[in-house]
C-alpha cells in the first residue's frame with residue numbers, strides 16, 4: 001500500500017486540530033473518519049514504549065523501537081494539528097459565537113456521519129456490541145448533561161489554587177480526549193472546573209503547574225494508548241462499538257437548539273431551522289463520501305489476480 005505523503009498527513013492533522021477546537025468533537029473522531037485511527041494509536045503506543053525503555057535504561061530496545069516509529073508520518077500529522085489550532089481557534093470561536101445554531105448543526109452532521117462510518121467498521125453487531133453501544137451512549141449523554149453551560153463566562157478570571165497533583169491528574173484525563181472519538185478535551189476541562197486554572201497557569205507562566213499538567217498528559221497518553229491498542233487488537237469490534245456509543249452520546253453537546261454548543265440543554269427546533277438542517281445533512285453526506293472514497297481507493301490498490 002502506498003505510504004501517504006507528508007502533505008497528505010499535514011492536511012489530515014489540520015482537520016483533526018480543527019475538530020479539537022470545537023466542544024463535543026475530538027481529533028479522534030476525524031482520525032476515525034479518515035481511516036488512520038489504528039495507525040495513530042499504534043505510533044503513540046510505540047512512542048510510549050520508547051520513553052519507558054529510555055527511562056529504564058534499556059538502550060538497545062529503545063533504539064529498536066525508535067526506528068519502528070513512523071516519524072515523518074507522525075510529525076506531519078502533529079504539525080497539521082498545531083497549525084489548525086493556531087490558525088483556526090479564533091475563527092471557529094467567532095463563528096460559534098455569532099452562528100451557534102448553524103455551526104452546531106454542521107458539527108452534529110459530521111458526528112452523525114462518523115457514527116455511520118464507525119458502525120460500518122464493526123464486523124459483527126452481536127448482543128454484546130449493541131449493549132456496549134447503548135450503555136456508553138446513554139452514560140455519555142447523561143454525563144454531558146451534568147453541566148448545562150459548556151462555556152467559561154467571558155472575562156472570568158480565577159486564581160490558580162489547585163495543588164500540583166490536581167494539575168497532573170487533569171492532564172492525564174484530558175489528554176485521552178485527543179485519541180478518543182466523541183470526547184472534547186477542552187469540554188472535559190470545563191466539566192472538571194479546571195479550564196480557567198490551566199489557562200491562568202499559562203498566562204502567568206506558572207512553570208511548576210504547567211510541568212505537572214504536561215507530565216500528566218504524557219503519562220495519561222502513554223497508559224491509555226497502550227490499553228487502547230491492546231483492546232483494539234483483541235476486541236476490535238467491541239472497541240469500535242464503544243466508540244459508536246461515545247459518538248452518539250456526544251451529540252448532546254452538538255444539538256443545535258436552543259443555543260448550539262453553548263449549552264447541553266435540549267430544545268425543539270425553532271426559528272432558524274431550514275439552514276441548520278441542510279448544513280447537518282451536507283456535513284453527514286461529506287463524511288460518508290470521504291469514507292466511500294477512501295474505501296474505493298483501498299480496493300483499487302489491492303493486487304489483482306494474475307490470469308492463468
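The values are calculated or read from the model by the stated rules, or taken from the named source; none is laboratory data. Just so it is clear, the model here is predicted, and its values are computed rather than measured. Cβ coordinates were reconstructed from backbone atoms using ideal geometry, including for glycine residues, and neighbour counts include every protein chain displayed.
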Seminar exercise, completed: For residue 85, the lone unmet condition from (1) without any contact (Cβ under 8 Å) to a residue 40 or more places away in the chain; (2) surrounded by fewer than 18 Cβ atoms within 10 Å (Cβ to Cβ) is (1)
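Out of region 226-249, which residues are over 28 Å from residue 108 (Cβ atoms) and in contact with a helix residue (DSSP H, G or I) (Cβ under 8 Å, 6 or more places away or on another chain)?
Keep residues of region 226-249 that are over 28 Å from residue 108 (Cβ atoms), which gives 226-227, 229-230, 233-235.
Of everything in region 226-249, those that are over 28 Å from residue 108 (Cβ atoms) and in contact with a helix residue (DSSP H, G or I) (Cβ under 8 Å, 6 or more places away or on another chain) turn out to be 226, 229.
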Exercise. So which residues in region 18-50 are assigned to a helix (DSSP H, G or I), farther than 22 Å from residue 141 by Cα and at pLDDT below 80?
Worked result: 18
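Answer yes or no as to whether residue 106 is over 16 Å from the mean Cα position of the chain (by Cα), at pLDDT 85 or above and either outside any helix (DSSP H, G or I) or surrounded by fewer than 20 Cβ atoms within 10 Å (Cβ to Cβ) (or both). Walk me through how you get there before you give the answer.
Values: over 16 Å from the mean Cα position of the chain (by Cα): yes; at pLDDT 85 or above: yes; either outside any helix (DSSP H, G or I) or surrounded by fewer than 20 Cβ atoms within 10 Å (Cβ to Cβ) (or both): no.
It is false that residue 106 is over 16 Å from the mean Cα position of the chain (by Cα), at pLDDT 85 or above and either outside any helix (DSSP H, G or I) or surrounded by fewer than 20 Cβ atoms within 10 Å (Cβ to Cβ) (or both).
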Problem set entry | Single residue of region 250-285 satisfying the filter (within 21 Å of the chain's Cα centre (by Cα) and not in a helix (DSSP H, G or I)) that is surrounded by the most Cβ atoms within 10 Å (Cβ to Cβ) | 256
Seminar exercise, completed: Residue pairs within 6 Å by beta carbon, gap of at least six or interchain, first lying in region 259-271 and at negative phi and free of Cβ contacts under 8 Å to residues at least 24 places away in the same chain, second assigned to a loop (DSSP other than H, G, I, E, B) and surrounded by 12 or more Cβ atoms within 10 Å (Cβ to Cβ), listed first then second, are 266/255; 267/257; 267/258; 269/257
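For region 137-187, give me each residue that is assigned to a loop (DSSP other than H, G, I, E, B) and at pLDDT 75 or above. Talk me through it step by step, then tell me what you get.
Residues of region 137-187 assigned to a loop (DSSP other than H, G, I, E, B): 145-148, 150-163, 175, 180-184.
If the condition is that a residue be assigned to a loop (DSSP other than H, G, I, E, B) and at pLDDT 75 or above, then 145, 162, 163, 175 are the ones that fit.
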Problem set entry | Which numbered condition residue 239 fails, given (1) within 21 Å of residue 175 (Cβ to Cβ); (2) in contact (Cβ under 8 Å) with a residue 24 or more places away in the chain; (3) under 17 Å from the mean Cα position of the chain (by Cα) | (2)
